[in-house]
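Working notes, structure below.
We did not get these values from a lab; they are worked out from the coordinates using the rules stated. Just so it is clear, the structure is predicted and the values come from calculations on it, not from any experiment. Reconstructed Cβ throughout: ideal geometry from the backbone, glycine too, with neighbour counts over all protein chains shown.
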Amino acid sequence: MLLRHTPPGLSERNALTINPAKTCQPIGAMYAALGIHNCLPHSHGSQGCCAYHRSSLTRHYNDPIMASTSSFSEGSSVFGGQANLLEAFNNIFTLYNPDIVAVNTTCLSEVIGDDMVQIIKKAYEEKKIPEGKIVIHANTPSFTGSHVTGYANMAAAMVKYFAKKTGRKNGRITLIPSFLEPSDMTEIKSIAAEMDVPYIMYPDTSDVVNGPLDGKFRMYPKGGCKKEWIEASGDSDYAIAIGLYGAQAAAKLLDTQCKVPFKIVDIPLGITATDAFVDTLRKAAGVSVPESLRVERGQLVDVLCDMCQYTYGKKVSLMGDPDILISMAQFCKDAGMEVLHVLTGTPSGKFRFEDRIREICGEKVTVRSGLQCDMFMFQQLVMADKPDLIVGNTYCKYMCRDMDIPLLRMGFPIYDRIGQSYVPMTGYRGSLQLLLKILNILMDRLDRDAPEENFELIM
Ligand code: SF4
C-alpha cells in the first residue's frame, strides 16, 4: 500500500516534495473560469497539462469539464506558443463560439516566457478574436503556489479585465468566494438572498459543474456570473472577500481599480465563521438578520450542545487548502475537539497561516505550510501523535487505512465519494451537515470498537 513504508520521525527537507498536498495552479484557474457564464477555459501549454487539469476536475465533480489547449509541440517549446494560441483562438471561436475565453498559462509557457498581453493584443489586431468576444488571461506557473493560487489569480483577472467604475454606485455588495464547492457558492448566495442583500458574486460555479442531467448537452451551462455583473462590481458599494488565500487578490484589485472598499472574512464554515460572515453582510448592507437564519443557527447550536460528549476532547488532524483549514480548525475548537496537526501544501506567503492557526488552536498545534509540506510529512506527523479523526482529501485514505483512523473527506480533490457538489458545508445549514458527518463517523467508530457490555442501542 502507498505510504506503508513511511519511516517514523519527521524528515525535514528543503528541496524534495513527496506526494504533494496540493495540485497545480491551472486547475484552480480553470475552475474559476468555469464560474463565468459562457466562458471556455483555455490552457496555454501542452495537451498533457490540459488533460490532467480537466480529468482532475471531471473526477471531482463527476461532470464533463470543457476546456481547450494550445497543444504545444517540440516547436512551440523552442520558439514559443504564440502561433499555437493564435490558431487556437481561430478554432475556438469558429467551433465552440464562447463569449469569453479565459487563458491560463502552464509551467512550460511560463518557462518559455510567452508574453500573454502581447499575444492577446496581436490576436485582436489580426481579428482572430471576433467582434464582441473577449479573451482574458491569468499567469499560473505551477512551480509556485497551488490550485488555490491559480484560482485567486484567475479571480483577480476577472476584476482586471471586466470591473468598471462609472461613478454611479449600484447599491450592491460584491461577494468573491475562495475555491469552494458549487453547493457552497449556492449556500452563500442563499444567505445573501435570505438577508435581502443585493449582491454580485463571482466566480460562481454553481449550476455549471453540478448542473442537472436533462438529456440535453450544453457546452456552456446556465450558471456562472454574467460579464455584465462582473463589470458592475466596479460600481458596488462594498466587497467581501470570502477566504484570504483564494479571494483577497481580487478584492484588493477591485479596491485599487474601482475604489470599492472591502473586508476579508473566513469561509463561513462552522458557527464562528458563519456568524462573522453574516455580521459583515448585515453591516455592509444595513439589513437585519432574518428569523430563518436565527432558526438555522439555533439548530446548529442545539446539535453542538446535545452531542458534545462525542466531540469533546477528540483529537483531529487536518490537511487541505488554507482557507478551509482556518474555518475548519475554528469549528473543531468550537466543538471541543483538540486539533493536533494542520498541514497545507499551499505556501503561506506573507499571510502568516501558521500564526492564524495557532491563534485559533493554541501553541500546542503542529502547523505546516508550503511546498515540502506533503502527504509524506502529514503521515509522519500523524504517526507520531495519532488522532481520532483525519480531515482531508481523498489522498488521505491510504494512511487512514494503514493506521486505522477514520477519515472525513473534505477539500480538493475527492475522487472516491460523491456529494460535495450538492451538499454544502458552509452557512449554518451546511455546518450542521458537516457536524452530523463528524458525529456519525465518531459514533460508528464507537460502535465498532465497543466491547459487548458497552454496545448500546441508544447513544
Ligand atoms: S505542474 Fe505544470 S507541467 Fe505539470 S500539469 Fe501542472 S501546469 Fe502542466
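Using Cβ counts within 10 Å as a stand-in for footprinting exposure, how do 374, 355 rank, fewest first? Kindly include the intermediate steps, with their values, before the conclusion.
Values: 374 23, 355 11.
Neighbour counts put them in this order, fewest first: 355, 374.
Give the relative contact order (percent, whole number) for the stretch 83-182; include only Cα pairs under 8 Å separated by 6+ residues.
Details: 75 pairs, mean separation 29.7, N = 100.
So the answer I get is 30 percent.
Name the long-range amide H neighbours of residue 135: under 5 Å, sequence gap of 5 or more, or other chain; modelled H, no Pro or chain starts.
Answer set, sorted by chain and number: 101.
Once each part is reduced to its C-alpha centroid, what is the distance from the stretch 61-98 to the stretch 323-348 in angstrom?
For the stretch 61-98 versus the stretch 323-348, the Cα centre distance is 39 Å.
Could you list which residues have their amide H under 5 Å from that of residue 408, counting only those 5 or more apart in sequence or on another chain, with H placed in the peptide plane?
Residues meeting the amide H criterion: 390, 391, 392.
Which ³J(HN,Hα) values, rounded to whole Hz and listed in residue order, are derived for the stretch 415-422 from phi using the Karplus coefficients 6.51, -1.76 and 1.60 in 6.51 cos²θ - 1.76 cosθ + 1.60 with θ = phi - 60°, glycine and proline given as x?
9, 10, 9, 10, x, 4, 6, 10
Is the C-alpha gyration tensor of the stretch 314-459 telling us rounded, prolate or oblate? Criteria: a/c under 1.5 is rounded; beyond that, a/b larger than b/c is prolate, otherwise oblate. Don't skip to the answer; put the middle values down first.
Working: a/c = 1.60, a/b = 1.43, b/c = 1.11.
Prolate is the answer for the stretch 314-459, as a/c is 1.5 or above and a/b outweighs b/c.
Longest span of the chain, sites excluded, free of GluC sites (Glu not before Pro) in DSSP loop with at most 13 other C-beta atoms within 10 Å? Before the final figure, lay out each step's value.
Numbers: sites that count: 12, 126, 131, 363, 456.
For GluC sites (Glu not before Pro) (loop position, at most 13 other Cβ atoms within 10 Å), the longest site-free span of the chain is 132-362.
Taking neighbour Cβ counts within 10 Å as the exposure measure, how do 120, 188, 36 sort from fewest upward?
Details: 120 22, 188 27, 36 31.
Ordered from fewest to most neighbouring Cβ atoms within 10 Å, 120, 188, 36 come out as 120, 188, 36.
First check a/c for the stretch 25-162, with a ≥ b ≥ c the square roots of the eigenvalues of its C-alpha gyration tensor; if it is under 1.5, answer rounded, and if not, answer prolate when a/b is larger than b/c or oblate otherwise.
Working: a/c = 1.37, a/b = 1.12, b/c = 1.22.
Rounded shape, in that the Cα axes give a/c under 1.5.
Looking at 405, 353, 336, which one has the Cα that reaches farthest to the positive end of the dipole of the stretch 324-455 (charges on Cβ: Lys, Arg +1; Asp, Glu -1)?
353
Could you please rank 238, 428, placing first whichever residue has the fewest other Cβ atoms within 10 Å of its Cβ?
Starting with the residue having the fewest Cβ neighbours, the order is 238, 428.
Is any helix in the chain, taking whole DSSP H runs, at least 15 angstrom long along its axis by alpha carbon and on average at least -0.5 on the Kyte-Doolittle scale, and which ones? Spell out each step's value before the answer.
Values: long enough: 47-61 (21 Å, -0.91); 82-95 (20 Å, 0.49); 147-162 (22 Å, 0.49); 182-194 (18 Å, -0.29); 244-258 (21 Å, 0.29); 271-285 (21 Å, 0.33); 291-306 (22 Å, -0.08); 322-334 (18 Å, 0.38); 427-449 (33 Å, -0.01).
Helices meeting the criterion: 82-95, 147-162, 182-194, 244-258, 271-285, 291-306, 322-334, 427-449.
Once label points are set 7 Å from the Cα along Cα→Cβ at both residue 126 and residue 364, what is their separation, rounded to one decimal in nm?
Reported label-point gap for residue 126 and residue 364 is 6.4 nm.
Calculate, in nm to one decimal, what residue 355 and residue 99 gain on full extension: separation in residues at 0.36 nm each, minus their alpha carbon distance.
Numbers: separation 256, 0.36 × 256 = 92.16 nm, distance 4.29 nm.
Taking 0.36 nm per residue and subtracting the Cα distance, the gain is 87.9 nm.
Which whole-number percent is the relative contact order of the stretch 173-291 (Cα, under 8 Å, 6+ apart)? List each step's numbers first, then the result.
Values: 179 pairs, mean separation 35.1, N = 119.
With pairs under 8 Å counted, the relative contact order is 29 percent.
Apply 1/(1 + (r/R0)^6) to the Cβ-Cβ distance of residue 87 and residue 10, taking R0 = 60 Å, and write down the FRET efficiency to the nearest 0.05.
Working: r = 50 Å, r/R0 = 0.83.
Given R0 = 60 Å and the Cβ-Cβ separation, E is 0.75.
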